[in-house]
1. Relative contact order, percent, of the range 67-198 when contacts are C-alpha pairs under 8 Å separated by at least 6 residues?
2. So what's the back-of-envelope 222 nm ellipticity for the chain, counting only DSSP H runs of four-plus at -39500 (n - 2.57) apiece and dividing by all residues, rounded to 500?
3. Taking loop as defined by DSSP and a crowding limit of 15 other beta carbons within 10 Å, which GluC sites (Glu not before Pro) in the range 92-189 fit?
4. If r is the Cβ-Cβ distance from residue 174 to residue 210 and R0 is 51 Å, what FRET efficiency results, to the nearest 0.05?
5. Compute the distance from the alpha-carbon center of the range 17-40 to that of the range 50-110, in whole Å.
6. Under a cut-off of 14 Å between alpha-carbon atoms, report the aspartates and glutamates in cross-link reach of residue 93, not counting same-chain residues fewer than 8 places apart.
7. For the range 1-38, which chymotrypsin sites (Phe, Trp or Tyr not before Pro) are in a loop by DSSP, counting at most 16 other Cβ atoms within 10 Å?
8. A 28 angstrom limit on the alpha carbon distance is what I want to check against. Which of 174/235; 114/174; 126/148; 29/174; 138/235; 40/174 exceed it?
Amino acid sequence: MLYLVELLLQDTTLRFGYTDDICLYRATKSLDINVALLAKDVRSIMAWGADNKIAFAPEKLEMIHITIRRENYSPPYIINDELTIHPITTALKEGEQPALRWLSVWFDRKLTFKRHVSERVVKARKVSSYIRGLAKTKDGPPASALRKAVITCVLPSVLYGTEAWYAGRNKQPKLLRQGREQTVSARIGWHVDVVDRTISLAARGVLPVWRTTPTLTLFRDSGLPLIMAALEESKLRFAMRL
């Protein structure tokens, strides 16, 4: 940060940074205008780096267009004759949503954050399965120790980055019209359900319970928060940090 602070202070609105990761942002009504402005930004950054003896890694440069348009038009931006950055339009694995990762948060084209939730759930489920393997009826660790493991390892993993996609189950509509609802669904039911099943899997690793044990009873006896309580706590913690 000390090394790159001058670069980031040149534009505190459209440039973001954390350690050695830099993010450039442009918002216009045209993707072609966006790529032209971004190319100009990258050229100025590379010129600044040359003046200050700082080398960047062109092979690590990534870009994605964020738009609500249905067409798949994704123009690349040409920095110079030797460097052209192509936007992310496909995923490495079949069935995955194309997305760009920055600071371990996955941004897809329409900001649905389904790819991000899927990635966090996969990691958290691995830990949950391992905790369930440790929980033995006779010679396993005590439930209090397993609960600490869930709170320390599973919940932070599955809830990482929830500030990006969770601001409540409802939101204000884009246009307020008389006689209509003041709030509309945020369409995050899938996200909440997937995270809920992951936390429930971890809770069943804390206590030796039957598969038919009611979810409310399971969470009450294991001392773990329900999904909505966990999401609201994460939202309020982020608001306090801001």
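1. Details: 117 pairs, mean separation 23.3, N = 132.
Once divided by the residue count of the range 67-198, the mean separation gives 18 percent.
2. Numbers: 9 runs with 103 residues, N = 242.
For the chain, the value works out to -13000 deg cm²/dmol.
3. Numbers: sites: 94, 96, 119, 163, 181; in loops: 94, 96, 181.
Hits after loop and neighbour filter: 94, 96, 181.
4. Details: r = 47 Å, r/R0 = 0.92.
Working from the Cβ atoms, E equals 0.60.
5. Result: 10 Å between the Cα centres.
6. Hits, sequence-local ones excluded: 119.
7. Details: sites: 3, 16, 18, 25; in loops: 3, 25.
Counting only loop positions with at most 16 other Cβ atoms within 10 Å, the chymotrypsin sites (Phe, Trp or Tyr not before Pro) in the range 1-38 are 3, 25.
8. Numbers: 174/235 22 Å; 114/174 22 Å; 126/148 16 Å; 29/174 17 Å; 138/235 39 Å; 40/174 33 Å.
From 174/235; 114/174; 126/148; 29/174; 138/235; 40/174, over 28 Å: 138/235; 40/174.
Each reported figure results from applying straightforward, stated rules to the coordinates on display, with no laboratory input. This is a predicted model, so every value here is computed, not measured. Here Cβ is always computed from backbone atoms with ideal geometry, including for glycine, and neighbour counts include all displayed protein chains.
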